[in-house]
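Following: one structure in C-alpha cells, then a few remarks.
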Amino acid sequence: MRLLIKQFILLLMILPLYSQVQEEVNPPPHIKTVVFKGPTEDQFPVVQLGDPIMLEFDDLSASEQDYYYKIIHCDYDWTPSQLLKSQYLDGADNQRIINYENSYTTLQPYSNYRLQLPNNEVRLKVSGNYVLEIYNMYGELQFSRRFVVYQDLVAVAATVKRSRDFKYLNEKQVVQFSINTLDFPVVNPKKEIKVAIIQNHFWPTAIYNIAPQFTIGNELVYRYDQETSFYGGNEFLNFDTKDLRSPSFAISRIEFEDLYHHYLFTNDYRYDQEYTFFPDINGDFVVRTLQGEDVSREAEYTEVHFSLPYTNELGLDEVYVVGRFNNYDLSEENKMVFNEETGNMELVYPIKQGFYNYKYVIVGEDGEVKLNQVSGNFHFTENNYLILIYYRDFGEMYDSIIGIGSTNSRSITN
C-alpha cells in the first residue's frame, strides 16, 4: 500500500511537467539560420502523414558538436498528448544528427547540420501537432520547433473578408470558412471538431476554440466577423545580401572589416502613411548566394545594420527586429539600442546571405507587445491564412488533424 501511495504521489509530481504548453524555444547565439520546412518553401512544415520534413541549422562555433533530436506529440492546445512514444513513433528518437559538414571558404566558419524526417531510425504514425527538440551532447535543450502532420479526410473552403466592424474597417481581415464532412462521419461536431486559424504561420496570434456557427447538411459553416478577425499589419520590409559586394535598393553601403557589413537604409514609421503594396514573403527568408553553388556551406555570414529613427512616442519602450530568420525572438540579441550620434535606434545582427523579410516590434514598459505600432495595420495587406481541422472521437486519447484549408487576402472582398 505504501508503495502504491508513493507511486501515486510521484505520478502527481510528474504530470504537471507533461501538461505544460510546448512553446517554441529559440536557440543560443551560436546557432543561426534554422531552416525548417516540408515539401513547400514555407518555413513551417504542414505535411501529410508520411511526407518528408527537413531541418537545417548552422553552429557558428564550428566545433562539430554532437546534436540529438526528440519528437513530442501534442494535443490541440500544444500540451503533450497522452500517447506513448511507441504509439506515435515507429522506431526511436533521441538519435544523433549524423549529417553535417563544415563551411567551405567562408570568412565566418560554421558547421551546417541537416536532419530529415522520416528517416531510417524513426517514422511518424499518427497525425496531429508535433514539436521537434534539438539537444546538445550534454542533454541541454538548444531549440525547438513546432510542426503539423495531417490527413486529408475533409474538405475546407475559405475566404478573406473585410471587417464589418466600422471601428476596424480599414485595419482588420476576417477569415470565413466551411468544412465539408461528407466522407468523414461526425456525430457531434461541436465537441468532436476543433479549429485553429493562423496568420502567416505566426502562432502567438492564432485563433482557437471557434465552434461552427451553423450546419447545412454535411457542411460546418464558420461565418463569424469579430471572432475570426486578424489585424492586417503591413507588408514586411526586406533586403537581399546574395551579392556580398553590391548595394541594392535596401542597402545603402557595404564595408569590410573581419566580415562584410551591410548597412540598410534607415526605415520609416509607416503607421501614418498610405498603404503601398510591394511583394514580400510574409516574414520568411531564403538563403542564397552568388559566391558559391552549395548555399548551405558556401553562403557567408554578414553583419547587417538596422536603424529606425527614435521618436518621443517610443519613450522607454524597447524595439526589436524580428522575422522568421530569428523566429520572432524578443531577446537581448535582437533588441535595438539608441545611438546618440545618429538619433536612431540601431541593431547589428549576423545573418547568412539571402533574401530576408523583417519588421520592427515594440515592447512597452508594461510588457505589452505591439506588433504593428511601427508598420501600421491595413486591410489591403497580403497575408496567408492556414486553417487546421482537429478531430477527437469519444474515448480517443489524442487530437488528430483531419484536414487543412488555406486562403490569401489578395482576394479580399467586402
Using r as the Cβ-Cβ distance of N170 and M397, and R0 as 41 Å, what FRET efficiency do you calculate, to the nearest 0.05? 0.35
What lysines does K359 reach when the alpha-carbon gap must be under 16 Å and sequence neighbours fewer than 8 apart in one chain are set aside? K335, K370
Principal axis dimensions, segment 281-414 - Cα atoms, whole angstrom, descending: 64, 46, 37
Show which lysines lie in cross-link reach of K85 when reach means a straight Cα distance below 18 angstrom and same-chain residues fewer than eight apart are skipped. K70, K125
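Compute and list, largest first, the equivalent-ellipsoid semi-axes of the chain from the alpha carbon gyration tensor, each √(5λ) rounded to a whole angstrom.
Values: eigenvalues 263, 182, 82 Å².
Output for the chain: semi-axes of 36, 30, 20 Å.
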Compute the distance in nm between two label points, each set 7 Å from the Cα along the Cα-to-Cβ direction, one at L141 and one at K85. 1.6
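Give the ranking of D268, D51, D58, D240 by solvent-accessible surface, highest area first, calculated with a 1.4 Å probe. Write down the numbers at each step before the final one.
Details: D268 100, D51 60, D58 0, D240 25 Å².
Largest accessible area first, the list is D268, D51, D240, D58.
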What nm value, rounded to one decimal, do you get for the distance between L290 and R410 when each label is placed 7 Å out toward the C-beta? 2.7
Residue separation times 0.36 nm, minus the C-alpha to C-alpha distance between N102 and T205: what's the value? 33.4 nm
Along the Cα→Cβ direction, 7 angstrom out, place labels at N312 and D93. What is the inter-label distance in nm? 5.3
HN-Hα J in Hz across segment 75-80 - Karplus 6.51, -1.76, 1.60, θ = phi - 60°, x for Gly and Pro: 7, 3, 8, 6, 9, x
Could you give the length gained by full extension between K70 and L153, i.e. 0.36 nm per residue of separation minus their alpha carbon distance, to one decimal place? 27.1 nm
Tell me the Rg and the Dmax, in Å, that the Cα atoms of segment 209-268 produce. 23.4, 68
Taking segment 165-276, the equivalent ellipsoid from its C-alpha gyration tensor has semi-axes in Å, biggest first, of 45, 19, 10
Beyond 24 Å, what share of the Cα-Cα pairs of segment 66-214 is found? Please give it as a whole percent. 52
Quantify, in whole percent, the carbon and sulfur part of the accessible surface of the chain (1.4 Å probe; protein heavy atoms only). 51
Karplus couplings for segment 154-161 from phi (6.51 cos²θ - 1.76 cosθ + 1.60, θ = phi - 60°), rounded to Hz, Gly and Pro as x? 10, 9, 10, 10, 9, 8, 10, 10
Can you run phi through the Karplus equation (6.51, -1.76, 1.60; θ = phi - 60°) for segment 228-245 and list ³J(HN,Hα) in whole Hz, with x for Gly and Pro? 10, 9, 10, 5, x, x, 9, 4, 5, 6, 8, 8, 9, 10, 4, 9, 4, 10
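The values are calculated or read from the model by the stated rules, or taken from the named source; none is laboratory data. Quick caveat, the model's predicted, so the values are computed rather than measured. Ideal geometry is used to build each Cβ from the backbone, glycine not excepted, and the neighbour counts take in all protein chains shown. Accessible surface areas use protein heavy atoms only, side chains included; no ligands, DNA or RNA. Shrake-Rupley method; radii C 1.70, N 1.55, O 1.52, S 1.80 Å.
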